[in-house]
Amino acid sequence: MELKKTAFYQKNIEAGAKIVPFAGYEMAVTYEGLTAEHNNVRTNVGMFDVSHMGEFYVKGPEALQLVQKITTNDASKLTPGKIQYSCMPNQTGGIVDDLLVYCISDTEYLLVVNGACLDKDWAWVNKNNAFNCTLENRSDQISLLAVQGPNTAKVLQQFTDVDLANISYYTFTTGTFCGVENITISATGYTGSGGFEIYMPNSAAEKIWDAFINAGIKPAGLGCRDTLRLEMGFCLYGNDIDETTSPLEAGLGWITKFTKDFTNSAALKQQKEQGVTRKLVGFTLIDRGVPRQGYAICDADGNKIGNVTSGTMAPSVGKAIGMGYVPIEYSAADSEIFIEVRGKLLKAIVTKVPFYKG
């Protein structure tokens, strides 16, 4: 299958990106180096090409009913301009995908889904659309830059009349950006260092990229996007959550609202009442080494009790950290577990996330 290219592909090449296959696209994994890009986002401002993400529009008198049926969070709490983190459960206790739900109006919502799940998600949403609403997949027409870091608002303000400092976390607005009208400016991100996600038509992508580069914003790749999100304890679909992990096991009970009916809600409610038997935890390595996805998590006797779902050497924390599922009796903070790295058992302690507290 031929890999797709984002509208920023040529700009990524010009910026010296190392390109890798990701979610069916040719994506930038690093430019000047993972640690430098990571630190720049934590302390200044960097930008990510995340145009592989999917954008589905739900429109019509019963748009809210569909969103309510397929997602765990309570979208009825949203008002125009507000955003919600949510997930789509499957029928068997797992998760189809996690996503952002944007309330554009009472009759229009935008679902932003993971690029790697795009086709599966589109089929799932359509399969569940027994309501008076229409679905539009605009994923191939929209480019997305995540501009992240503590100086983001200050640097981006020159490009728009919208008061960026006034856009609170998990809200969005539409305005003119770099002379282009109808740009969606969203106070969201995956880094824990603040910033905005800018949705634009593909035709405006290169113009906006060039403006940002000329303003001194350095590009950042998927490599440091992963280390930044892991330091915050944010789940990555395909690693920490998937079709076999329940939102309750993954620590996503806070977005799982039983005040409404949704896909598989009765079974998940029962799981909540009975209690989960395993839990996604963060951990910090005490012994020297780096945990990686798939490594075994063991008890003191070397018995396997789980698997690492994400792991890295964290630049802002200065320690090797990771996440993984363990039996509930090992899930309390400061519990001692062991990570098997190249045949050796390395001591680790369960750590409350986020690891990074900026």
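Applying the set (1) free of Cβ contacts under 8 Å to residues at least 40 places away in the same chain; (2) in contact with a strand residue (DSSP E or B) (Cβ under 8 Å, 6 or more places away or on another chain); (3) among the aromatic types (Phe, Trp, Tyr) to Tyr169 leaves exactly one unmet item: (2).
Among the residues of the range 332-346, those identified as surrounded by 15 or more Cβ atoms within 10 Å (Cβ to Cβ) and within 20 Å of Gly294 (Cβ to Cβ) are Ile337, Phe338, Ile339, Glu340, Val341, Leu345, Leu346. Put simply, of Ile208, Ile198 the only residue that is of a type outside the set (D, E, K, R) and in a strand (DSSP E or B) is Ile198. Within the range 4-50, being under 22 Å from Pro201 (Cβ atoms), without any contact (Cβ under 8 Å) to a residue 60 or more places away in the chain and among the aliphatic types (A, V, I, L, M) holds for one residue alone: Ile13. Any chance you could count how many residues in the range 213-238 are aromatic (Phe, Trp, Tyr) and either within 16 Å of His52 (Cβ to Cβ) or without any contact (Cβ under 8 Å) to a residue 24 or more places away in the chain (or both)? Selection size over the range 213-238: 1.
Applying the condition of being in a loop (DSSP other than H, G, I, E, B) and either at pLDDT 95 or above or assigned by TED's automatic domain parsing to the domain that holds Asn151 (or both) to the range 347-358 and asking which residue is surrounded by the fewest Cβ atoms within 10 Å (Cβ to Cβ) yields Lys352.
Here is the figure for the range 303-340: residues that are out of contact with any Lys or Arg (no Cβ under 9 Å at 6 or more places or on another chain), part of a loop (DSSP other than H, G, I, E, B) and either aromatic (Phe, Trp, Tyr) or over 29 Å from Gln271 (Cα atoms) (or both) total 2. Only residues that are surrounded by 17 or more Cβ atoms within 10 Å (Cβ to Cβ), hydrophobic (A, V, I, L, M, F, W, C) and within 27 Å of Ser316 (Cβ to Cβ) were counted across the range 1-49, and they come to 13.
Just one of the listed residues (Ser193, Ser168) is buried (at least 20 other Cβ atoms within 10 Å of the Cβ), within 27 Å of Pro354 (Cα to Cα) and among the hydroxyl-bearing types (Ser, Thr, Tyr), namely Ser193.
Which residues, counting only those in the range 1-54, are among the small types (Gly, Ala, Ser) and either part of a loop (DSSP other than H, G, I, E, B) or over 27 Å from Pro150 (Cβ atoms) (or both)?
Ala7, Ala15, Gly16, Ala17, Ala23, Gly24, Gly33, Ser51, Gly54, listed by residue number.
Candidates Leu230, Leu268, Leu280: the one that is in a helix (DSSP H, G or I) and within 19 Å of Ile349 (Cβ to Cβ) is Leu230.
The values are calculated or read from the model by the stated rules, or taken from the named source; none is laboratory data. Keep in mind it's a predicted model, so treat the numbers as computed, not measured. Here Cβ is always computed from backbone atoms with ideal geometry, including for glycine, and neighbour counts include all displayed protein chains.
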